[in-house]
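The values are calculated or read from the model by the stated rules, or taken from the named source; none is laboratory data. Note that the coordinates shown come from a computational prediction; the quantities given were computed from them, not determined experimentally. Ideal geometry is used to build each Cβ from the backbone, glycine not excepted, and the neighbour counts take in all protein chains shown.
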Amino acid sequence: MRVGVIGGGQLARMMIPAAIELGVDLRVLAEQSGMSAEIAAERVGDYTDTATVLEFAKTVDVVTFDHEHVPQDVLRAMVDAGIAVHPGPDALAVAQDKLVMRQRLSELGLPVPDWARVETAEELDAFISEHGGAAVVKTPRGGYDGKGVRVVHSAAEVAEWFATIVEDGRQGALLVEELVDFRRELAQLVARRPSGEIAAWPVVETLQVGGVCSEVIAPAPRSAGRLADVAAEVAITIAEGLGVTGVLAVELFETTDDRILVNELAMRPHNSGHWSMDGSTTGQFEQHLRAVLDLPLGATGSHGDWSVMVNVLGGPAEGALTDRYAEALAGHPTVKVHNYGKAPRPGRKIGHVTATGDDLDSVVYEARAAAAFFQD
Ligand code: ADP
């Protein structure tokens with residue numbers, strides 16, 4: 001069994017141990033050499049070039065992804081050439097454009113923040129004044145980790161975005177949403193096979209700092225019962241409604257008036273699921289491989305009552321993560337360390353740690369204390 005992964009980042013890298021365990025031959029098409037997943041048999045090539053991607057895809061049984069940026073014409077060329085692509089182009093089209101996403105989620109009858117497509121500053125100002133004088137503006141494409149998301153009180157604050165959204169010589173559009181008053185952010189991950197089987201992990205709580213995921217608590221505290229059921233139901237509706245294959249991550253808001261709204265979708269393993277590698281019977285990377293190969297999915301029960309994952313953002317000001325191992329590993333022998341093999345740089349996700357156990361306070365403490373060894 002050969003799986004090809006387009007994109008050589010840490011998500012591709014973390015599929016490698018799972019592939020080795022299953023005896024799956026994993027090959028990576030990386031954007032450049034020296035990337036996180038270089039440890040897997042790596043080719044370097046441009047994922048926007050159809051010929052390059054087809055040549056790579058023909059060496060594997062199924063193609064999947066480390067990111068959602070492969071252009072639609074390249075995705076469709078693979079499908080036309082008879083290659084199994086999971087998730088497929090139709091599903092990915094929804095993850096690639098936040099306006100399409102809002103539209104499809106609304107059509108599926110799912111709860112989303114109030115939103116509109118705006119082409120002009122006047123339209124945006126009208127939305128802002130109808131929504132209490134503030135709103136969240138998003139560029140439909142290419143944003144990640146909060147880049148391309150801005151809270152504004154006037155259209156003038158995103159004047160340069162209106163100037164850059166011209167597509168094919170035509171004025172494009174921005175997405176504007178109500179500024180959601182949320183109590184916390186949650187994420188629900190599921191995996192779906194092409195033949196239909198779905199498995200859900202417990203809903204988790206995610207903590208964002210400056211638009212970047214910083215911590216995840218699994219399961220989300222105070223989620224047992226209705227909240228867990230609603231979150232799983234929402235994600236299953238999306239996976240089935242959009243025909244998603246592989247892992248689907250659904251980012252959610254829990255509002256101060258107790259509603260659950262869908263924020264974002266990711267159709268690949270996701271930062272909010274990293275805890276599952278150490279905290280669940282089946283980690284998200286193994287599950288993703290099983291799903292895209294249309295193999296039976298693994299159980300998603302947890303090892304301990306709680307798992308807490310803390311990202312290593314930035315890392316040490318000087319030297320490498322491994323320079324800190326002697327102290328960090330000695331001080332926190334129960335914590336699992338994941339190093340993405342990336343050079344430290346302010347704000348960059350270069351690794352994470354996960355602690356698991358039955359007492360939430362001590363699990364949070366362990367994970368934060370271990371991660372702190374790796375940051376300045
Ligand atoms: P990205 O694709 O860059 O991750 P998101 O759409 O997930 O962007 O937004 C990043 C963060 O911005 C979210 O995690 C949340 O904290 C905040 N955010 C996004 N949309 C809204 C909204 N409508 N109301 C309030 N906060 C929001």
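If I filter segment 160-192 down to residues being more than 30 Å from A228 (Cβ to Cβ) and in a strand (DSSP E or B), which single residue comes out as modelled with the highest pLDDT? The selected residue is V176. Screening G4 on (1) in contact with a strand residue (DSSP E or B) (Cβ under 8 Å, 6 or more places away or on another chain); (2) farther than 21 Å from V244 by Cβ shows it passes everything except condition (2).
One line per residue, one yes/no per condition, for (1) in contact (Cβ under 8 Å) with a residue 60 or more places away in the chain; (2) touching a Ser or Thr at 6+ places or on another chain (Cβ under 6 Å):
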{"position": "G142", "(1), (2)": "yes, no"}
{"position": "V158", "(1), (2)": "no, no"}
{"position": "L186", "(1), (2)": "yes, no"}
{"position": "A199", "(1), (2)": "yes, yes"}
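Please enumerate the residues belonging to segment 102-141 that are farther than 13 Å from V176 by Cα and either aliphatic (A, V, I, L, M) or assigned to a helix (DSSP H, G or I) (or both). Within segment 102-141, R104, L105, S106, E107, L108, L110 meet the criteria.
If the condition is being among the aliphatic types (A, V, I, L, M) and either at pLDDT below 95 or closer than 17 Å to L261 by Cα (or both), then segment 193-217 contributes V203, V204, L207, V209, V212. Listed here are the strands (runs of 3 or more DSSP E) enclosed by segment 4-87 that have at least 3 residues being closer than 26 Å to T282 by Cα and out of contact with any Cys (no Cβ under 8 Å at 6 or more places or on another chain): 25-30, 62-65. Candidates are the residues of segment 160-216 that are more than 30 Å from I128 (Cβ to Cβ) and surrounded by fewer than 18 Cβ atoms within 10 Å (Cβ to Cβ); the one that is farthest from the ligand (Cβ to nearest atom) is S195. Among the residues making up segment 111-124, those that are buried (at least 18 other Cβ atoms within 10 Å of the Cβ) and either among the aliphatic types (A, V, I, L, M) or away from the ligand (no atom under 16 Å from the Cβ) (or both) are V112, A116, V118, L124. Residue pairs whose Cβ atoms lie under 8 Å apart, separated by 6 or more positions or on different chains, with the first residue in segment 218-234 and modelled with pLDDT under 95 and the second surrounded by 12 or more Cβ atoms within 10 Å (Cβ to Cβ), are S223/L186; S223/P202; S223/V203; S223/E205; S223/A231. Of the numbered criteria (1) over 16 Å from M267 (Cα atoms); (2) touching a strand residue (DSSP E or B) at 6+ places or on another chain (Cβ under 6 Å), the one S195 fails is (2).
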